[in-house]
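The values are calculated or read from the model by the stated rules, or taken from the named source; none is laboratory data. Because the structure is a prediction, the values reported are computed rather than measured. Cβ sites come from the backbone with ideal geometry, for glycine too, and all protein chains shown count toward neighbours.
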Amino acid sequence: MNQKSKNNRFLPIWGVTLVSVLGSIAGLYFININIGINDFSNLVSLPLFSIIPGVLIILSVWAVAESKNIVQIPRNSLIFLTLAFSCWFAAEQIWNLYEHVLGIDPYPSIADFFYLAAPILMFVGLILYLKSTEKKISKKAIFVGIAASLIILIPSVLPIWEVSFEDEPIEIIIALAYPVVDAVLLVPLIIAMLFLITNRRDFFWMMILAGIATMITADSIFLFLIIEDAYVDGHPVDILFVSSYTIWSFMMFYLVRQSKQETKSNLQEINARNTKAIEKYGVHLALIFINLTVVVFLIGTSFYMGPDSEDGILQFFFWFLIVLVIIFSSIVVILNSRLNKSLENRTKQLEDISKELIKNERFSAIGELASRISHDIRNPLSNIQMSIELMKNSPKDAKISDDEINVKLQLVSKNIERISHQVNDVLGYVKNQTMNKKWMKISESVQESIETVTVPSNIVIKIPKSNLMIYADPFQMQIVFNNIIINAIQSIGNNHGEITSKFSENENEVQIEIANTGPEIPENVLPHIFDSLVTTKQIGTGLGLSSCKTIIENHQGKIYAKNNPTTFVIKLPKTER
């Protein structure tokens, strides 16, 4: 099985496993609530809150160690996420120590410090991620994030203030700090969600944000349970806490696995594949999350009221809301399915129209190209024919070495070279060639290109001595250098001039610069210099530089031109041997 097939199979298996684990955890809690599991606290709750956060720490540290191969998340952001996970792990273990070993429930405690530090570190990690994004975050997204945070913060703080006025100041501060840090974390959470939805759907970050949203939801429910003194170990709200740790653990494993299996060159393909999966299953997963949250909340309420509650209205609304949520969720799934089909049909129609437009555009370009080539070739053919006629009329005793005959032969050769260059431009534009990459010296490739070109005596070409190498197709790179050098020669014309080249490198790329002392490219032409059929010369197809751009982009590189002096810059990704 090839690597691509393995990668295509990984995500479905990974997703099914995640859903199965989350379902198993929820199942254990619901069995305990309805039937009862002997010593549930020690047999289920303690292992879950110890093992899963522990696995999360191991995978997070592993991801940091592999961060040089990870491109989905900046290293500094990943480090702060790992620190946040470490704080949650420390808090859970201290809590387990207090409850299961020492049998005490101190407040405030060291565990509170770690519980409060974790969201702050997560907040920094999200800010670093948002800072690293190329697109700017809109003011509207920031406003929505702050507004939503305040809407949730105010009703969370007021009940704490009302029940804590007789407590010690430190106890009040710690109690108020919990909803405050969650509200602070909620701001970048909402901003990041809006950014990912509108600009870039990143599978890794969407799942990380889903885990954070689950954790904040759990914290809010837990807060009200504590206020009402209704929380006990094994309460359904624990499902949300454990689910957060589980989602993050699976995402860290996903991150490590991707860093080992994939490279930067095919990252776009991975993101496209994962984004397609999100578009297909995202609504379903979101509805499952919402339904589980509602069910956990309702069961938690029922758990708080007690099984012997005689409040029939409460029981009625309990089941009525569950059925209502399921009905509306089913309607959303059906509508979403229909919308997806409609979107697929529209997309196919747009693709067909786009192909037809491209086809018509190419026919139009071919017509313009044929007209230009016929005009450009007619002149050199006339010169060749005239030179041949003159040589035919030369004296019978004339020799090839005679100056007059030699001048005519040079004229024929020059015009043949001109026609050959135009034909090569067309072939380079219309022909799709398979790349055969090899390690090659840049200086040698440029030198070989110069040797295939007739360089006038009024032009000096300088090539620096360099051992810098690139991993590229030698034949195609020679086409690029040929076109740039010939353009430079034609630009300088009969004036004395110079063509210089410069090679350099940094950590990520190799840069090649070829400059000439000819006239500058007009500013209105410069942005379009690599477009098809664009030329600044009276003769020429306008396809040479377009072919150069295609070749360089096929090598995952960039090419652009600049003035003062006229310079063509090529940037190719650096590859390790």
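Overview of values
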quantity: Residues of the range 144-176 that turn out to be hydroxyl-bearing (Ser, Thr, Tyr) and modelled with pLDDT under 80, as a count; calculated: 2
quantity: Top-ranked residue in the range 195-232 [being outside any helix (DSSP H, G or I) and either free of Cβ contacts under 8 Å to residues at least 60 places away in the same chain or among the acidic types (Asp, Glu) (or both); ranked as farthest from Tyr115 (Cα to Cα)]; calculated: Asp202
quantity: The range 20-47 - residue that is surrounded by 13 or more Cβ atoms within 10 Å (Cβ to Cβ), in contact with a helix residue (DSSP H, G or I) (Cβ under 8 Å, 6 or more places away or on another chain) and without any contact (Cβ under 8 Å) to a residue 60 or more places away in the chain and, of those, farthest from Leu240 (Cα to Cα); calculated: Ile37
quantity: Test: residue in the range 446-467 that is in a strand (DSSP E or B), modelled with pLDDT under 90 and surrounded by 15 or more Cβ atoms within 10 Å (Cβ to Cβ); calculated: yes
quantity: Residue check for Phe89: touching a residue at least 60 places away in the same chain (Cβ under 8 Å) and in a helix (DSSP H, G or I); calculated: no
quantity: The range 33-49: number of residues that are under 22 Å from Ser249 (Cα atoms) and either of a type in the set (A, V, I, L, M, F, W, C) or not assigned by TED's automatic domain parsing to the domain that holds Leu240 (or both); calculated: 5
quantity: Output for the range 117-154, where each listed residue is touching a residue at least 60 places away in the same chain (Cβ under 8 Å) and outside any helix (DSSP H, G or I); calculated: Thr133, Lys135
quantity: Residue that is modelled with pLDDT of 75 or more and more than 24 Å from Ser445 (Cβ to Cβ), where the choices are Pro573, Pro527; calculated: Pro527
quantity: Any pair with Cβ under 6 angstrom, 6 or more apart, that starts in the range 104-115 at a residue that is in the same structural domain as Ser86 (by TED's automatic domain parsing) and ends at one that is at pLDDT 85 or above; calculated: Ile110/Ile94; Ala111/Ala91; Ala111/Ile94; Ala111/Trp95; Phe114/Cys87; Phe114/Ala90; Phe114/Ala91; Tyr115/Ala91
quantity: Some residue of the range 185-202 being surrounded by fewer than 19 Cβ atoms within 10 Å (Cβ to Cβ), more than 19 Å from the chain's Cα centre (by Cα) and over 26 Å from Leu18 (Cβ atoms); calculated: no
